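**Student:** I'd like to ask some things about the structure below.
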Amino acid sequence: MANRSMLFAVSSQPTVDERPQRILPLGEFTWSIPTVCKLVVSANSRVCPSVVWELNEPVAIAGDLVAGVARLVELRATLENTERSVPAIDEAIEYLTKPHLKDYDCLLLEPHEILDIDDRPLQMQMNLLLEQINSLDLRSIATRSEILASQEEWGKGCWSSILYYQPGGSVKPPLDRSETSVITNASHVLENASVWSECSAISRVSLSGFDDDAQLLSDALECLKAIPCSFDLSLSGKTDHLPDILCDLTQLTGLSIGSMGLTHLPNWLSNLRQLKTFRVQKNDFREFPNVIKDLPSLSILSIWGHAFGAIPDWLGELSGLESLLIKECELSTFPRCLLSLTKLKLLDISTNPQLTSLPTEIRRLTNLQTLKMSGCGLTELPAELADLPSLRELFVPRNKLTSLPEKLWSRSLDTLSVSGNELQQPSDGANAKQFWI
């Protein structure tokens, strides 16, 4: 599990003798302490005890919530809408200005897991971090291109009241009926059972917190049936089977099944006739799920981390597919059935190290815009790749390539990634806008 920093809203600053009465998780950020967290705790910031770790040393940083978020809003006002970070900053502001946060006084940054990676004394690192936070200058941030170019520095996609570790005393926010994307757990779904029928703006629900409790998962899905609009559902948690009630969620347009330990997919999934997106990652399937062929509306299919070795021919009959990922599936040959998927815009068959070649017939995929084959065993690429009229991005790093076809080398692409190979051609011959070697 990755090290992470965490951000909480607390009803009062923690002290040695007293925990806050209310602790609201706001987000967790893997392998970093992002700029957005430093900025929002920078108003009257001070070191204080943790609500996560039972340590004698103060290993958290508190800041005034209202004033800290106001600094983020002030920064946003100085930025052009064209800055790459702006969508992430807007997302952070929207999350941190929700009405229920008016009941909290402080924001609390928990950086211990990140600092623990460093060998320097913990208190030295805490003092340096506090000094860095106190010295943050909005005008300086607004001119630092490396920060403004990174959405990760602004917490993109990381805001949630459901964290990997929930400290004692954690509370959950009320369900916002206007929310478009909800990250929740099964218990929280049940607590808001009467509200889901009013959530007409929802487009995505990420559901966890049901490990080895099939009945709890079933009850939560029963509540989600009341959602009055189409939405995507992501499931993450251990269970030995999917409850039948899932097939009654006929409004689903997307379904993602994380590492749940499943050995098969039930045939009744074919009842989900509106599914346009289907993702399955790292379960315990012994063979490619046949039920997929009975999902006629699919345009996006992602199969990741299953030792199939081969792909059934019927996959080529899913003529509506525009995006296909078959990653870490122990492919040894390119599945020729994929050549029939002429609507494909993105094909990702990365991390199949026994896959050594592509067929020349790949030229049939005339709508293909992005091809990703990272970490395979490719020893050469067919010259016909250069004839694909729509191709804009080619990713073939970490293969066994020693050369590229001359036509491909000079082809005008947006991105050409060939790092981790042993190419003997001069890199100044590449004609791509972005070239990674």
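The values are calculated or read from the model by the stated rules, or taken from the named source; none is laboratory data. Since the structure is predicted, the reported quantities are computational estimates derived from the model, not experimental observations. Neighbour counts run over all protein chains shown; Cβ positions are idealised from the backbone, glycine included.
**Student:** Being under 29 Å from Thr35 (Cβ atoms), modelled with pLDDT of 90 or more and in contact with a helix residue (DSSP H, G or I) (Cβ under 6 Å, 6 or more places away or on another chain) is the requirement here; does Leu138 meet it?
**Tutor:** yes
**Student:** Inside the range 152-165, can you point out the residues that are modelled with pLDDT under 85 and either of a type in the set (D, E, K, R) or crowded, with 16+ Cβ neighbours inside 10 Å (or both)?
**Tutor:** Selection gives Ser161, Ile162, Leu163.
**Student:** Among the candidates Leu163, Leu108, Leu128, which residue alone is of a type in the set (A, V, I, L, M) and in a loop (DSSP other than H, G, I, E, B)?
**Tutor:** Criteria check complete, one pass: Leu163.
**Student:** Then there is this: Go through the range 128-137 and count every residue that is surrounded by fewer than 16 Cβ atoms within 10 Å (Cβ to Cβ) and in contact (Cβ under 8 Å) with a residue 40 or more places away in the chain.
**Tutor:** So the answer is 2.
**Student:** Would you call Ser197 touching a Pro at 6+ places or on another chain (Cβ under 8 Å), outside any loop (DSSP other than H, G, I, E, B) and over 21 Å from Val291 (Cα atoms)?
**Tutor:** yes
**Student:** Under the condition of being aliphatic (A, V, I, L, M) and crowded, with 18+ Cβ neighbours inside 10 Å, which residue from the range 301-314 is nearest to Met260 (Cα to Cα)?
**Tutor:** Among residues in the range 301-314 that are aliphatic (A, V, I, L, M) and crowded, with 18+ Cβ neighbours inside 10 Å, the one nearest to Met260 (Cα to Cα) is Ile303.
**Student:** Would you mind finding the one in Glu328, Glu317 that is surrounded by 15 or more Cβ atoms within 10 Å (Cβ to Cβ), outside the structural domain of Leu368 (by TED's automatic domain parsing) and over 18 Å from Ser234 (Cβ atoms)?
**Tutor:** The unique qualifying residue is Glu328.
**Student:** What's the total number of residues in the range 240-275 that are part of a loop (DSSP other than H, G, I, E, B) and among the hydroxyl-bearing types (Ser, Thr, Tyr)?
**Tutor:** 3
**Student:** Being surrounded by 14 or more Cβ atoms within 10 Å (Cβ to Cβ), of a type outside the set (A, V, I, L, M) and either part of a loop (DSSP other than H, G, I, E, B) or modelled with pLDDT under 90 (or both) is the filter here; which residues of the range 200-227 pass it?
**Tutor:** Ser203, Ser206, Ser208, Gly209, Phe210, Asp211, Asp213, Lys225
**Student:** State yes or no: is Val171 closer than 30 Å to Leu107 by Cβ and surrounded by 19 or more Cβ atoms within 10 Å (Cβ to Cβ)?
**Tutor:** no
**Student:** Would you confirm whether or not the range 84-95 contains a residue that is out of contact with any Lys or Arg (no Cβ under 8 Å at 6 or more places or on another chain), within 17 Å of Val40 (Cβ to Cβ), aliphatic (A, V, I, L, M) and assigned to a helix (DSSP H, G or I)?
**Tutor:** Yes, the range 84-95 contains at least one residue that is out of contact with any Lys or Arg (no Cβ under 8 Å at 6 or more places or on another chain), within 17 Å of Val40 (Cβ to Cβ), aliphatic (A, V, I, L, M) and assigned to a helix (DSSP H, G or I).
**Student:** Enumerate the pairs (first residue in the range 80-94 and in contact (Cβ under 8 Å) with a residue 60 or more places away in the chain; second residue anywhere and among the basic types (Lys, Arg)) with beta-carbon separation below 8 Å, excluding pairs fewer than 6 apart on the same chain, so at least 6 apart or on different chains.
**Tutor:** Pro87/Lys156; Ala88/Lys156; Ile89/Arg76; Glu91/Lys156
**Student:** Need the failing condition index for Ser178 against (1) part of a loop (DSSP other than H, G, I, E, B); (2) at pLDDT below 85; (3) within 23 Å of Ile23 (Cβ to Cβ), just the number.
**Tutor:** Every listed condition holds for Ser178 apart from (3).
**Student:** Still on this structure, please answer the following. Sort through Leu252, Leu242 and tell me the only one that's among the hydrophobic types (A, V, I, L, M, F, W, C), free of Cβ contacts under 8 Å to residues at least 24 places away in the same chain and buried (at least 19 other Cβ atoms within 10 Å of the Cβ).
**Tutor:** Matching residue, one of Leu252, Leu242: Leu252.
**Student:** Here is a further query. Being farther than 21 Å from Leu233 by Cα and surrounded by 16 or more Cβ atoms within 10 Å (Cβ to Cβ) is the requirement here; does Cys337 meet it?
**Tutor:** no
**Student:** I'm told Phe278 meets every condition in (1) farther than 17 Å from Cys329 by Cα; (2) in a strand (DSSP E or B); (3) of a type outside the set (Gly, Ala, Ser) except one. Can you identify the failing condition by its number?
**Tutor:** The number of the failed condition is (1).
**Student:** Scan the range 290-301 for residues that are at pLDDT 95 or above and small (Gly, Ala, Ser) and jot them down.
**Tutor:** Once the filter is applied, which keeps residues that are at pLDDT 95 or above and small (Gly, Ala, Ser), the range 290-301 yields only Ser299.
**Student:** Still on this structure, I have one more. Taking the condition of being acidic (Asp, Glu) and without any contact (Cβ under 8 Å) to a residue 24 or more places away in the chain, how many residues in the range 272-326 meet it?
**Tutor:** Adding up the residues that qualify gives 2.
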